[in-house]
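**Student:** Let me give you the structure first, and then I'll get to my questions.
Read-outs: derived from the displayed coordinates by stated rules, not from any lab. Keep in mind that this is a model prediction, so the values were computed, not measured. When we count neighbours, we look across all protein chains shown, and the Cβ atoms used for this are built from the backbone with ideal geometry, even at glycine.
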């Protein structure tokens, strides 16, 4: 799970479509109210599904550790991100470490990427090429 937490730091760059964070900004309580309000301007209750918002609120085009600062401030755009820092659990201390220590984040991120690159894909009848990554064929 530590690898998942550090690899989630890739969300320090990029954007997400409204359809993937709408429920979070309108229904969840562990979200900074000013942050939610600002995201609602570009993500209405209905419609605007493909409107984009940055995953990192401060430096969305820079690979840095601000993603973790966002989580601590309850500004994780996606539900799946914010669950890494919900005040309890095994990942809270790791999120705090990465928020304070960009060198540790970069070092651990690189190691996790190398580790992930060594995963062999399933082939033949052991695997499946999905037409839609979110759905089993």
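**Student:** Name the most mobile residue of 26, 68, 98, meaning the one with the largest mean-square fluctuation, in a Gaussian network model of the chain with Cα contacts below 10 Å.
**Tutor:** Highest fluctuation of the listed residues: 26.
**Student:** Find, to one decimal place in angstroms, the Kirkwood hydrodynamic radius of the range 2-117, where the mean of 1/r is taken over every pair of different Cα atoms and then inverted.
**Tutor:** The answer is 14.4 Å.
**Student:** In addition: Can you tell me, using C-alpha contacts under 8 Å and at least 6 residues apart, the relative contact order of the chain as a whole percent?
**Tutor:** 26
**Student:** Can you show me the helix-derived [θ] at 222 nm for the chain, built from DSSP H runs with n ≥ 4 at -39,500 (n - 2.57) apiece and divided by the number of residues, rounded to the nearest 500.
**Tutor:** Only helices count here, giving -12000 deg cm²/dmol.
**Student:** Also: Only Cα pairs within less than 10 Å get springs; with that Gaussian network setup on the chain, which residue of 85, 105, 20 has the largest fluctuation?
**Tutor:** Answer for the Gaussian network model of the chain: 20.
**Student:** Next question, about the same structure. Just grab the label-to-label distance for residue 58 and residue 17, each label 7 Å out from Cα along the Cβ direction, in nm (one decimal).
**Tutor:** About 3.0 nm, to one decimal.
**Student:** Can you tell me which of 126, 66, 86 moves the most in a GNM of the chain? Springs connect C-alpha atoms under 10 Å apart.
**Tutor:** 126
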